[in-house]
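Visitor: The structure is given below, and queries will be raised subsequently.
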Amino acid sequence: MEKKRRPVVGIMTGQFSEDNSIKFLNMMIRELQDSDIDVRFYFGGVSTLVLEKFGMSDIGFGCHHFSLYSYCNYEAPDALVMIFGSINVGQKQHMEIHDFMKRMPRVPVILLKEDTELPENPGSISINMDNYGGMYTCVAHLLEVHHVRKPGYISGPKDHSDSRLRLAAYRDALKEHGISYDESLVVYGDYESHVDNLVEKLFEYNPDMDAVISANDEMAMAVYRVAARLGRTVGEDLLVTGFDNIPIAAHMDPPLTTVYQDYSEIARATAGELKKLFSGQKISTKLIPAIFIPRASCGCSEQKRESRAEEEDSKGSILLMDTWLHASQVEMRSMVLALMLRELQSSTSSMKAFFDKLAQEMIHLNIRSSFVFLLEEPVTMLDGEMIEAPESIRLVMKQWGEESEAYDLEHAPRIGYGQMNGLIRTSEGSVHMTDFILFHGRDQYGIWSAEIDIDDAVFYEMLSLEIGSALYFLRISLEEQKLRRDLEVKNEILDYTARHDQLTGELNRTGVMSRIVEFISEKRSKGECCFLVIMADLDHLKQINDNFGHNEGDSAICASAGIIKNALPEGSPFGRTGGDEFTAIMECASPDDGDKLMNEIKRSCREYNENSGKDYYVDVSAGFSLMTEYEDIQQLIRIIQEADEMLYEEKKKRRKSVVRT
C-alpha cells in the first residue's frame, strides 16, 4: 500500500541572517520534529539598503528578493507560515501583502507578527506578539520611573504592522502621561542596525533629548554608536531602550533595556495550530504577551529578572558563542567555496557536465538531497518585482545521498505546480528543504532546493551565489561554443565557390546550400523548426536537346526554374544544383504542404504548356522530405537524399515523350 504523503508547510521569513529568524526557525523545527510534517523554508535576500550604503546597490539582490517566495507553487505547501513584515525589512522597494499573496497558493496562512486579514486565503489566522502592550510598558517605565520628559523615537518602516503598533503605543503613553506628541522626535528606520544617519538627524534637531526609544534592538545599536561620538553616556545622561531582546542585547555596554518577544511561545503556538489544521480542526488567532526587561541602558540597576527572560539571556549567551564558532566554520568553508567555483567553471563543455559536477560537490558536502530547477530562459528583473512563476520549470539536477542525475536544458524534465514534492524520497522523519534563488546581476535563472541543517543556511546562501555566478559563465561558454559551431558550418559551405548559376540567374549548388543553412538558422531562432526539402528536375531534357537543339534545352531549363520558384512560398531558398536538377527548402506549416506544392508545380506546368507555343512540353517531376530538426550539414544531406528518392519514384510516372505530335 502506497504511503500517504505527509503534509507540507512552507515557512517564509526575511533574511535568515537575523538572529531572531534563526532562533525562531530552530524553535519551529523542534516543535514540529515529532509531527510528521515536512517543512520548506524560504528566506529573503541581503538587505538592499545595506548594500546601497556600501555602494553595491546594483548587484542584483533587491530585484530577486521577492521572487523566491513565488517558487513555492511548485512545492504546493498545504499551509504557509509567514512573517511578512520581515520580508519587506531591508528592501528599498516594498511589496504590499495582498499583491504578494496573489502569487501564493490558495492555502491557509498563519501570519506571524501581523494583524492583517487575508480574504484571498480562507482559513488564515494571525499569531501575534503584543507589540502595543510591550512598547507601552517600556515607554511608561521611562516616564514614571526615570521621569523622562523628551524621549526620541526610532520607528520601523511606516508600512510595517509591528512598527505601527509600537509607534501607537509610544504616542498613547506620552498622551496619557501629559506629554504632547512631537513628530520632530520621530524618525523612520528599516529595522537594520545601519541607521546612524537617522539617529544623527534626530540628535541634530533635538540635542536636549533625555532618552531614545528604538522600535527594535538592531537600531538601538546605532544609538549607542552615535551617542558615543556625541559624548553622551548611555544609561546616565541618555537613556536607551530597544525591542526584541536579541542575543547580544544583554551583553552590550551597558546591557540594553528591551522587550522580550517570546519566540518559543510563538513557535509553540504556531506548531500547535498547524497540528490542529492538519488533523482537520479549526485554527484560531492568538496574541502572545510581551515581557519588559529593564537593564542598565535605561538607568536601572541590574536586578533579578523574570525567570523566563533570564533563561533567554542565558540561551542568548550560548547562541552568541555558537554564532562565533559558526563564523569560524564559515571562514574555513570559504576556501571550499573558492575551490568548488573553480571546479564548476572548468565544467563548461555542456550544461549536463556542469550539473554532473555540481551534484558531485553536493555529495562531497554531505547534503542529504538537492535539486536545481531552471527557467526556460533567464528573466531580467527590475527592483521590487516578483516573478509570476511559469506553469513549469526544468529539473536539470537531482541528488539523493550519493545518487545523482543531470540533464541538458532541452532534455530536462518539466516540473509543474505541485510536482517538486514527488522528487523528495520518503524517509522515517520529516524532511526540511531550504530554497535559494539562483541569479547573476539582474538575470534570474531559477532555484536550488536543498535538504540542509538550518544553522548552515548562511554558508549555503554563499554557495547559491557562487552557483549563480558559475551559471553566468556557463551560459557565456555555451554561447561561444554555439558561435564556433555555426562558424565551422559556414566555413564548410564557403569552401565551395559561392556563385550564381549563369543560365537561370538562380543560386548554384554552393549558393543554395549556404542559403538553406542560413534559412534554417533564421527560422529556428524564431521558434520555427519544420521544413520541406524539395528536389526537382526537368523531364526528358535529352529529348528536347536531341530534337530541338541545346538552345531550346536551355530555354526549357529556365522555364522549369521559373515554374518551381513560383510554386514556392516567397523567400524560400531555391537553386539549380545540376544540369536539370533543382533544390529548394520551404517552411512547413501543415502535413499537406508537400502534396500542395506538387499539385501547384503540375498546375503551373499545364498552364505554361497551354501558352508556350513550343513544339515540346515542359514537365517537372519533384520529391520532398520533411525535416523537423537540424544538427549539422551531414543531416541536411541525408534529408536531400530522401527527397531525391521520392523524386526518382515520381519520374516513373512521367509521360513517355515531351514532343508534341
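Visitor: Within the range 572-593, is there a residue that is modelled with pLDDT under 95 and in a helix (DSSP H, G or I)?
Guide: Yes.
Visitor: Looking at the range 159-172, is at least one residue free of Cβ contacts under 8 Å to residues at least 12 places away in the same chain, farther than 22 Å from Gly235 by Cα and either in contact with a strand residue (DSSP E or B) (Cβ under 9 Å, 6 or more places away or on another chain) or among the hydroxyl-bearing types (Ser, Thr, Tyr) (or both)?
Guide: Yes, some residue in the range 159-172 is free of Cβ contacts under 8 Å to residues at least 12 places away in the same chain, farther than 22 Å from Gly235 by Cα and either in contact with a strand residue (DSSP E or B) (Cβ under 9 Å, 6 or more places away or on another chain) or among the hydroxyl-bearing types (Ser, Thr, Tyr) (or both).
Visitor: Looking at the range 619-641 only, could you name the residues that are under 17 Å from Asn566 (Cβ atoms) and out of contact with any strand residue (DSSP E or B) (no Cβ under 7 Å at 6 or more places or on another chain)?
Guide: Selection gives Asp619 alone.
Visitor: Assuming Met433 fulfils every condition listed in (1) out of contact with any helix residue (DSSP H, G or I) (no Cβ under 6 Å at 6 or more places or on another chain); (2) part of a helix (DSSP H, G or I); (3) modelled with pLDDT of 85 or more apart from one, which condition is it?
Guide: (2)
Visitor: Something else now. Is there any pair linking a residue in the range 182-204 that is assigned to a loop (DSSP other than H, G, I, E, B) to one that is surrounded by fewer than 16 Cβ atoms within 10 Å (Cβ to Cβ), with Cβ under 7 Å and at least six apart or on different chains, and which?
Guide: Hits for this filter: His194/Lys53.
Visitor: How many residues, within the range 421-453, are in contact (Cβ under 8 Å) with a residue 40 or more places away in the chain and out of contact with any strand residue (DSSP E or B) (no Cβ under 7 Å at 6 or more places or on another chain)?
Guide: 4
Visitor: Whether any residue in the range 574-594 is over 16 Å from Phe624 (Cβ atoms) and out of contact with any strand residue (DSSP E or B) (no Cβ under 7 Å at 6 or more places or on another chain) is what I want to check.
Guide: yes
Visitor: Here are Asp456, Asp356: which of them is charged (D, E, K, R) and either at pLDDT below 90 or in contact with a helix residue (DSSP H, G or I) (Cβ under 8 Å, 6 or more places away or on another chain) (or both)?
Guide: After applying the criteria, what remains is Asp456.
Visitor: Condition (residue is surrounded by fewer than 20 Cβ atoms within 10 Å (Cβ to Cβ), acidic (Asp, Glu) and either at positive phi or outside any helix (DSSP H, G or I) (or both)) applied to the range 147-166: is it met by at least one residue?
Guide: Yes - at least one qualifying residue is present in the range 147-166.
Visitor: Which one of these is in the same structural domain as Asp546 (by TED's automatic domain parsing), part of a loop (DSSP other than H, G, I, E, B) and within 28 Å of Ile520 (Cα to Cα): Glu642, Glu631?
Guide: Matching residue, one of Glu642, Glu631: Glu631.
Visitor: Quick check: is even one residue across the range 265-285 surrounded by fewer than 18 Cβ atoms within 10 Å (Cβ to Cβ), at pLDDT below 60 and part of a helix (DSSP H, G or I)?
Guide: Scanning the range 265-285 turns up no residue that is surrounded by fewer than 18 Cβ atoms within 10 Å (Cβ to Cβ), at pLDDT below 60 and part of a helix (DSSP H, G or I).
Visitor: If you check Tyr153 against the conditions, is it in the same structural domain as Val240 (by TED's automatic domain parsing), in contact (Cβ under 8 Å) with a residue 24 or more places away in the chain and out of contact with any Leu (no Cβ under 8 Å at 6 or more places or on another chain)?
Guide: no
Visitor: Please find, within the range 205-221, the residue that is farthest from Gly231 (Cα to Cα) out of those that are part of a loop (DSSP other than H, G, I, E, B) and in contact with a helix residue (DSSP H, G or I) (Cβ under 8 Å, 6 or more places away or on another chain).
Guide: The selected residue is Ala215.
The values are calculated or read from the model by the stated rules, or taken from the named source; none is laboratory data. Please read these numbers as outputs of a predicted model, since none were measured by experiment. Methodologically, a virtual Cβ is constructed for each residue, glycine included, from the backbone with ideal geometry; neighbour enumeration extends over all protein chains shown.
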